[in-house]
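The values are calculated or read from the model by the stated rules, or taken from the named source; none is laboratory data. None of these values were measured; they are calculated from a predicted model. FYI the Cβ positions are ideal-geometry reconstructions off the backbone, even for glycines, and counts take in every protein chain you see.
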Amino acid sequence: MFIRKKKNKSGTVSVQIIDKSAGYKVVKTIGSSINGDEISNFIKKAQQFIYTSQAIKQFLRQLSNGQIRVIGPELILGTLFDRIGFNVIKESLFRHIVVARLAHPVSKLKTVDYLYRYQGVNVDIDRIYRFLDALNDRYKDTVERIAFEYSRNILGSITVVFYDMTTLYFESEDEDDLRKIGFPKDGKFQNPQIMLGLLVGENGYPIGYDIFEGNTFEGHTLLPVMEKMCQKYGFGKPIVVADAALLSKDNIEHLVAEGYQFIIGARIKNESAAIKQQILAKAKNTTDQEGFDITRSDGARLIITYSEQRYKKDAHNRERGLVKLRQRIKSGRLTKDSINNRGYNKFLTLNGNIEITINEEKIKEDRAL
């Protein structure tokens, strides 16, 4: 970062801090004046701002969460909390909870212990629960808008957004209107959960989020979140980037109908036989990290790349799966009738034992795809 003195048409001089690390951006305007002493004072403030920012960045590069907790997270994370603008919410508990969550992410009950032990803040667990209700009812929109405005100020404009979905489970067996048994990403099938959809901009700067019932199909969450955020903040129609879980015919048709450009991960195995054959034909001489594209009949453009590392990983996982399958058959825990024979040619019964023969062409095709 460096300091710039910009002459304005009005005759004043603005003292600005410029960041050239990722383009040319105005980080902060310290002030404007025609008075030489005031301008000099602005320059000193700008120098102090740059020094503090660089010192914080250097600290963060060298410290882990555990180390920050020991030396005092308020000194670092509290400064960032204020700089982003969250200090407009005057509830001290909000600040304590945010800083504690970043420095030492644990349960609410353990957060109470952390605040008392490391921050000297004595708070009852029930007070935290009551405050979280108030946070959702009174401050949710304010918190979201502060985060968005900060992101937009950093990015300049919202031209690309990344969307993903995760699940948050609860240590309970009881469901309600929101918490439902669903398909968790962390394997907690016995616990009710909620779905959290997060929308971020370039470099991961947050834009917005929404929550859904725990049994919601994640493919049905992309469009509601996109439309809600676009209407709320009015940033037009950015390029949408999402993973293959969000790929569905309805999503694609809606994105096209609404004029969105998009990049969505796809699974080649879900394409038609004709498309697969085109991919296999073009992929024969493809080397690591090389790629090509194919245009489907509906106008969609498929961009295919080859990864040697992914090939080795998939081949290893297949071989490991076959070893386990043979062991289960040999031990008698798996019978011919219970085996899903996808990827295998046939089963042979020899001397009362079940054996398998591998469809080599199928394996080669899978590896190629």
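Tally time: how many residues in region 222-244 are among the acidic types (Asp, Glu) and touching a residue at least 40 places away in the same chain (Cβ under 8 Å)?
Of the residues in region 222-244, the ones among the acidic types (Asp, Glu) are 227, 243.
When the remaining residues are screened for being touching a residue at least 40 places away in the same chain (Cβ under 8 Å), the result is 243.
Number satisfying all stated conditions: 1.
If I filter region 99-117 for residues that are touching a Phe, Trp or Tyr at 6+ places or on another chain (Cβ under 6 Å) and either hydrophobic (A, V, I, L, M, F, W, C) or closer than 19 Å to ILE211 by Cβ (or both), do I get at least one hit?
Step one: filter region 99-117 for residues touching a Phe, Trp or Tyr at 6+ places or on another chain (Cβ under 6 Å), giving 100, 104.
Filter once more, so that each one left must be either hydrophobic (A, V, I, L, M, F, W, C) or closer than 19 Å to ILE211 by Cβ (or both): 100.
Yes: one or more hits.
If you take the residues in region 137-153 that are out of contact with any Gly (no Cβ under 9 Å at 6 or more places or on another chain) and surrounded by 14 or more Cβ atoms within 10 Å (Cβ to Cβ), which one is nearest to GLY234 (Cα to Cα)? Can you show your working first?
Filtering region 137-153 down to residues out of contact with any Gly (no Cβ under 9 Å at 6 or more places or on another chain) leaves 137-143, 145, 153.
Remaining after also requiring surrounded by 14 or more Cβ atoms within 10 Å (Cβ to Cβ): 139, 142-143, 145, 153.
Values: TYR139: 21, THR142: 16, VAL143: 17, ARG145: 12, ASN153: 15 Å.
Result: ARG145.
Quick one: is THR166 under 30 Å from ASP19 (Cβ atoms) and of a type in the set (S, T, N, Q)? Please lay out each step first, then the result.
Values: under 30 Å from ASP19 (Cβ atoms): no; of a type in the set (S, T, N, Q): yes.
Criteria not met by THR166.
May I ask you to say which residue of LYS282, LYS232, LYS237 is among the basic types (Lys, Arg) and outside the structural domain of ASP164 (by TED's automatic domain parsing)? I'd like the intermediate steps shown before the answer.
Values: LYS232 fails: outside the structural domain of ASP164 (by TED's automatic domain parsing); LYS237 fails: outside the structural domain of ASP164 (by TED's automatic domain parsing).
Within the list LYS282, LYS232, LYS237, the selection yields LYS282.
Could you please give the count of residues in region 266-307 that are touching a residue at least 40 places away in the same chain (Cβ under 8 Å) and either on the phi > 0 side of the Ramachandran plot or within 26 Å of the chain's Cα centre (by Cα) (or both)? So that I can check it myself, show each step before the final result.
Keep residues of region 266-307 that are touching a residue at least 40 places away in the same chain (Cβ under 8 Å), which gives 268-269, 276, 279-280, 283, 300.
Narrowing the set further to residues that are either on the phi > 0 side of the Ramachandran plot or within 26 Å of the chain's Cα centre (by Cα) (or both) leaves 268-269, 300.
Count: 3.
Name the single residue that is farthest from SER272 (Cα to Cα) among those in region 299-320 being aliphatic (A, V, I, L, M) and surrounded by 13 or more Cβ atoms within 10 Å (Cβ to Cβ). Lay out the reasoning, then the answer.
Initial filter on region 299-320 (aliphatic (A, V, I, L, M)): 300, 302-304, 315.
Subsequent filtering for residues that are surrounded by 13 or more Cβ atoms within 10 Å (Cβ to Cβ) retains 300, 302, 304, 315.
Numbers: ALA300: 13, LEU302: 13, ILE304: 15, ALA315: 23 Å.
Filtering first and then ranking leaves ALA315.
Considering only residues that are β-branched (Val, Ile, Thr) and over 22 Å from GLY120 (Cα atoms), look in region 55-97 and name the one that is modelled with the lowest pLDDT. Steps first, please.
Pass one, region 55-97, residues β-branched (Val, Ile, Thr): 56, 68, 70-71, 76, 79, 84, 88-89, 97.
From what is left, the residues that are over 22 Å from GLY120 (Cα atoms) are 56, 84, 88.
Details: ILE56: 81, ILE84: 92, VAL88: 93.
Filtering region 55-97 for residues that are β-branched (Val, Ile, Thr) and over 22 Å from GLY120 (Cα atoms), the one modelled with the lowest pLDDT comes out as ILE56.
Of the residues that sit in region 79-123 and are under 16 Å from VAL143 (Cα atoms), touching a residue at least 12 places away in the same chain (Cβ under 8 Å) and over 23 Å from the mean Cα position of the chain (by Cα), which one is surrounded by the fewest Cβ atoms within 10 Å (Cβ to Cβ)?
The qualifying residue surrounded by the fewest Cβ atoms within 10 Å (Cβ to Cβ) is VAL88.
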